[in-house]
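Working notes, beginning with the structure itself.
The values are calculated or read from the model by the stated rules, or taken from the named source; none is laboratory data. Just so we're clear, the structure is a prediction, and the values are computed from it rather than from any experiment. Heads up, the Cβs are rebuilt from the backbone with ideal geometry, glycines too, and the neighbour counts pull from every protein chain shown. Just so you know, the surface numbers come from the protein's heavy atoms only, side chains and all, with ligands and any DNA or RNA stripped out. Shrake-Rupley method; radii C 1.70, N 1.55, O 1.52, S 1.80 Å.
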Amino acid sequence: MRTILASALALSAGLLAPGARAQTSQEPQKPTVVLVHGAFADSSSWNGVISALRHDGYTVVAAPDNLRGVRADAEVVAGVIRSIAGPVVLVGHSYGGSVISEAAERTANVRALVYVSAFAPEAGETALGLTGKFPGSTLGPALAPPVPLAAGGNDLYIQQARFHDQFAADVPEADALLMAAGQRPIAEAALSEASTAPAWKHIPSWFVYGDADRNIPPAALRFMAQRAGARETVVIKGASHVVMVSHPVQVAQLIERAAAR
């Protein structure tokens with residue numbers, strides 16, 4: 001009996017050894033990448049980016065973004081970040097940029113911010129105000145009639161017939177039609193809610209956007225990247241507002257450069 005027990009323990013030790021060696025490896029821990037989608041999109045908009053990052057060994061979490069209001073949405077994302085052991089690279093698309101700017105202020109483990117066609121507001125600024133700061137957005141006329149909410153206020157959608165040209169012009173039309181049908185609405189009040197805590201003032205930031213963005217004017221995106229002192233800004237020629245859908249590898253590569261800083 002002792003011999004059998006000893007053999008079993010030896011086998012168990014042998015099976016556990018590789019894991020134990022991995023945990024004591026001197027290789028630096030790769031940060032977890034947390035992705036936050038924006039208005040009129042959902043977490044599936046990150047699918048190509050997630051595949052590229054996972055291929056390169058990164059753990060990725062697509063955090064929920066309720067699109068109800070900057071502070072409330074930021075608290076949900078902050079809760080996800082606080083549940084992660086180790087450093088985090090926090091990535092936001094569009095309105096999600098306002099959310100990550102706020103969420104990073106409520107956590108201690110965010111090491112880098114990546115803005116993907118995203119707002120990086122100063123305290124007191126709103127998504128709506130930044131969109132109108134420079135000419136070029138055609139989002140207003142592309143919106144569908146507001147949908148009233150039971151508790152007050154409205155939800156906003158993009159008209160499905162105009163979604164491809166407005167939101168995802170460089171995505172195959174068949175894919176854009178699916179995105180249009182599954183788009184997540186944003187509360188109108190969220191676009192007018194002022195930001196309070198710009199984390200980009202003390203956390204290094206990276207920016208990527210397309211020069212054919214019709215939601216947020218490229219001039220506004222350039223302004224925010226320069227104001228934030230971005231470590232790197234990538235401008236993709238001809239890319240639409242959903243640059244992470246049409247150019248997932250380039251977006252993932254920028255995220256990895258931010259992670260490796």
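Just a few scattered comments:
- For the stretch 226-252, residues that are touching a residue at least 12 places away in the same chain (Cβ under 8 Å), more than 18 Å from VAL110 (Cβ to Cβ) and not in a loop (DSSP other than H, G, I, E, B) total 14.
- VAL70 buried (at least 24 other Cβ atoms within 10 Å of the Cβ) and out of contact with any strand residue (DSSP E or B) (no Cβ under 9 Å at 6 or more places or on another chain): yes
- The stretch 141-154 - residue that is over 19 Å from GLY69 (Cα atoms) and not aliphatic (A, V, I, L, M) and, of those, most open to solvent (accessible area, probe 1.4 Å): PRO145
- VAL243 closer than 24 Å to MET179 by Cα and open to solvent by less than 40 Å² (accessible area, probe 1.4 Å): yes
- Any hit, the stretch 165-184, residues being assigned to a strand (DSSP E or B) and in contact (Cβ under 8 Å) with a residue 24 or more places away in the chain: no
- Any hit, the stretch 42-62, residues being surrounded by 24 or more Cβ atoms within 10 Å (Cβ to Cβ), of a type in the set (Gly, Ala, Ser) and more than 19 Å from THR126 (Cβ to Cβ): yes
- Here ALA181 meets each of (1) exposed (fewer than 14 other Cβ atoms within 10 Å of the Cβ); (2) within 22 Å of VAL77 (Cβ to Cβ) with one exception, condition (2).
- Filter result for the condition that a residue is assigned to a loop (DSSP other than H, G, I, E, B) and of a type in the set (D, E, K, R), over ARG214, ARG257: ARG214
- Selection status of SER205, open to solvent by less than 40 Å² (accessible area, probe 1.4 Å), of a type in the set (Ser, Thr, Tyr), in contact (Cβ under 8 Å) with a residue 12 or more places away in the chain and under 17 Å from GLY97 (Cα atoms): yes
- Some residue of the stretch 126-133 being assigned to a loop (DSSP other than H, G, I, E, B) and either touching a Lys or Arg at 6+ places or on another chain (Cβ under 6 Å) or surrounded by 20 or more Cβ atoms within 10 Å (Cβ to Cβ) (or both): no
- Residue check for GLY86: under 19 Å from LYS30 (Cβ atoms) and surrounded by fewer than 16 Cβ atoms within 10 Å (Cβ to Cβ): yes
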